[in-house]
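Okay, so here's the structure we're looking at.
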Amino acid sequence: MLKKRPLLASIGLALLLTGCGEGTATSARGKLEAIKPVPHRPAGPRVEAGLEGVIGADRNGLERQFGAPRLDVREGDALKLQWSGGACILDVYLYPPARGGEPSASYVDARRGDGRDVDKASCVTALKQGK
């Protein structure tokens, strides 16, 4: 009887683990049915309307849109670029991807010269026109 216990425990564990696997489910009738995998939703920055050409752009892409930044600040592994015009000041924050590579714009902030917030998309449009 002592030799059978490890074998029975191994079989029981194997049966338990097979029930935990993905790919099948038991319906109310007891039949095994295939489980469809949940579609993968790519992770990435959420892009607000009007910022499509900015969020995700690298430094070169941003300079093509706005010209040379008036401010270029490295903060750890992040890069803050700033453009300004009569309508607003635009700060764009670039971060490297998790797997390494070229930093890209992940966050945008826009304000007036007095510090009051301004619509980001409107600021982007104004700065592109004033380029």
Among the residues of the range 34-64, the number that are modelled with pLDDT of 85 or more and either over 22 Å from the mean Cα position of the chain (by Cα) or acidic (Asp, Glu) (or both) is 4
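For the range 50-68: of the residues being in a loop (DSSP other than H, G, I, E, B) and in contact with a helix residue (DSSP H, G or I) (Cβ under 7 Å, 6 or more places away or on another chain), which is nearest to residue 96 (Cα to Cα)?
My answer is 54.
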When the range 80-96 is checked residue by residue, the ones that are among the aliphatic types (A, V, I, L, M) and at pLDDT below 95 are 87
The residue from 99, 112 that alone is over 12 Å from residue 51 (Cβ atoms), modelled with pLDDT of 90 or more and either charged (D, E, K, R) or touching a helix residue (DSSP H, G or I) at 6+ places or on another chain (Cβ under 6 Å) (or both) is 112
Taking the range 65-79 and keeping only residues that are over 12 Å from residue 92 (Cα atoms) and within 17 Å of the chain's Cα centre (by Cα), one is left with 77
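The values are calculated or read from the model by the stated rules, or taken from the named source; none is laboratory data. Since the structure is predicted, the reported quantities are computational estimates derived from the model, not experimental observations. Quick reminder, even Gly has a Cβ in these numbers, built from the backbone with ideal geometry, and neighbours come from all protein chains shown.
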